[in-house]
Each structure stands twice: as structure tokens, then as C-alpha cells.
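Since the structure comes first, as C-alpha cells, the remarks are kept for the end.
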Amino acid sequence: MNFVSYQQLCEDIVEWAKALPRDFDLIVGVSRSGLLPAILLSLHLNLPISEIEAFRDGHIFEPGQRGKIPAEVNKVLVVDDTVLSGKTMRKVKNQLKDKDCSIKYAAVYSGKDTSHVDYFFKIVPILRCFQWNVMHANLMTNSCVDIDGVLCDPPTDAENDDGQQYIKFLENTKPLYIPTVKVKYLVKCRLEKYRDLTEKWLKQHKVKYDNLIMMDYPTKEARVKAGRHASYKAEIYAKSNTELFIDDSPDQAKEISRITHKPVLCVGNWTMYEEKGLKVEII
């Protein structure tokens, strides 16, 4: 699994800027994921920025102000974070086909077919995921995802009493990273007796999923005594035929990966682990 973090994206933008032509007058970002690299690139090159719809309407954004595109904007670079099939880039090109200026198209990361853009920084083949949109990617439809520490805040020690405080936590915990696509498996070490409260919270926060798997122990004490947190998750992951597990604990992420020899993304430190708990190279 090829994973790119925010930090790596920033570093790559700095390196990419060195290789790009310096005669562009304007950077235009492709909404939504392309806006992040476009802003970083525009700041690094000290160029004004726009986005597709604003650019079509003749507007640019400069530090502290919004204005009309000046006449001296003759060469434009349209930037997206990634290109794979080229579908989005073809749509963008069609949207801008009537613009009376020179337009070049770019993506920081490309699949093996680089013909969809004029410039790219690096080839990142599938399977791949990016920190800024992993929870909105189709990859989620074939993934296992933990709940506490991923979808919501984890309980404090005081809240995790297997009693009234824990019930209040289940009812009121704040959302963290809510996926916008359906998740294949929600895998949680929460006890089965809390299924109704868990399902109610998931419905409240519009989390879509196919399966919710919870531990079937009578009490928290029995669950802790069994000590099967990572191995329990790994067993489900191994049998599920899914492509990714998302967890919040670095230690559990390493162990799940060690057992399954499959990739595990830890949102606790935004690191991908794969094969025997070794950290994979972040590209």
C-alpha cells in the first residue's frame, strides 16, 4: 500500500517547484483535493491562485484580497493532487476549453499512465491512499476500520468504567474522522452489549457500513483479561479479504500487520505499517 502523508506532500511540493517552469502567471486548483497542493505551490512560487469555478468566472485570490484576473495572466497551471484514470482531468479540460490563455495541467502524483497531464512529480501506483482523503476514497468500501480513536474520540480512563460513565461516553463522544463512503467492516473491541448505543451513534453521525463486529465478552474485566485486542482485530482482518485496516494505536497497528502481513494505517501517528510490523516507506 502506497501512503502519502501531509508532511510528505509538503516536502514533495518544495522539490517539484524546483523542476517546474517559472513562467506561469497563475495557479488554479482542482476542487477539492487539488486545492491543497495548489495553495502550497502558489505560496512557494509566490503566484496568485484560483480554483476552477472562480477561474471560469474571472476571479483570482491574492494575499488579503480577491480580484479580477489581470490581462497579463497568459499562462496558467491547473493543479490536482493526483491523476489515475484521467476522468477528472478530462472534465476540467472540458470546463476550461473556452479560456483564452495557455493552460497546462499537472498532478503531484500520477498513476503509471502519465499522459493525462503535462507535468507530474512522482508516480504512485495503486494500491495507494493519501492522508487528506483516505476517509473519502473508494478504498474504504473494502477496508476494516476501528471506531474509538478513528471515528470518534476514545474514552478517558474515567469514562471507560463499563458502567454509567461509559454509557454517557457512547452517547456523547465527539466525531473525529467520519468517512463519506460506506465502510466494509467496522471492527471494535467494544462489548456486544453496547451494540444498540454504538449503532445509534453511528446513525446520528451518518456513518455508513456493511458490518459492525464487536467483542462478545460479558464485562470489560473479562475482555481485558483475555488480552486479545490486536489478535482479535487481526483475525477478522485476515478473514475479511479486505485491503486495509485503520486503527489509532501504533502498537496494535504493528501487531495487526505482523499477524496478517497486510497494510495497517495508524491515524494515531499517520503511519502505514505493512509486513511483520515494519514501517513501510512513505513516498
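Values in this text are rule-based calculations from the coordinates and carry no lab data. Worth saying up front: this structure is predicted, and the values here are computed from it rather than measured. Note: ideal-geometry Cβ built from the backbone for every residue, glycine included; neighbour counts use all protein chains shown.
The table for this structure:
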read-out: Segments 225-233, 148-156 sorted - mean Cβ within 10 Å per residue, highest first; value: 148-156, 225-233
read-out: Shape category assigned to the range 158-270 from the gyration tensor of Cα positions, a/c cut at 1.5; value: oblate
read-out: With Cα atoms, 0 to 90° folded angle of helix 229-240 axis to the chain main axis; value: 60 degrees
read-out: Cα-based helix-to-principal-axis angle, 250-260 vs the chain, degrees rounded to 10; value: 80 degrees
read-out: Cβ-defined net charge surrounding Ser85, 12 Å radius [Lys, Arg +1; Asp, Glu -1]; value: +3
read-out: Cross-link reach list, aspartates and glutamates versus Lys203, counting only Cα pairs under 20 Å and skipping chain neighbours closer than eight places; value: Asp146, Asp148, Asp153, Glu171, Glu192
read-out: Using alpha-carbon coordinates, inclination of helix 195-204 to the longest axis of the chain, degrees; value: 20 degrees
read-out: Estimated distance in nm for a label pair at Asn211 and Thr141, the labels positioned 7 Å out from Cα along Cα-to-Cβ; value: 1.8 nm
read-out: Gain upon complete extension [Asp100, Ala19; 0.36 nm per residue less C-alpha separation]; value: 26.6 nm
read-out: Cα pair distances in the chain, grouped into 5 Å bins until the bin that holds the longest one, percent each; value: 1, 5, 11, 14, 14, 12, 11, 9, 8, 6, 4, 2, 1, 0, 0
read-out: Computed label-point distance, nm, for sites Asp196 and Ser31 using a 7 Å Cα→Cβ extension; value: 4.3 nm
read-out: For peptides 246-256, 40-50, sequence by mean Cβ density within 10 Å, most packed first; value: 246-256, 40-50
read-out: Förster radius 22 Å - calculated FRET efficiency between Gln7 and Ile178 (Cβ-Cβ, nearest 0.05); value: 0.45
read-out: Solvent-free Debye scattering, log10 I(q)/I(0), computed from the Cα coordinates of the range 2-130 at q = 0.15 Å⁻¹; value: -0.65
read-out: Computed [θ] at 222 nm, deg cm²/dmol, the chain (DSSP H ≥ 4; -39,500 (n - 2.57); rounded to nearest 500); value: -9000 deg cm²/dmol
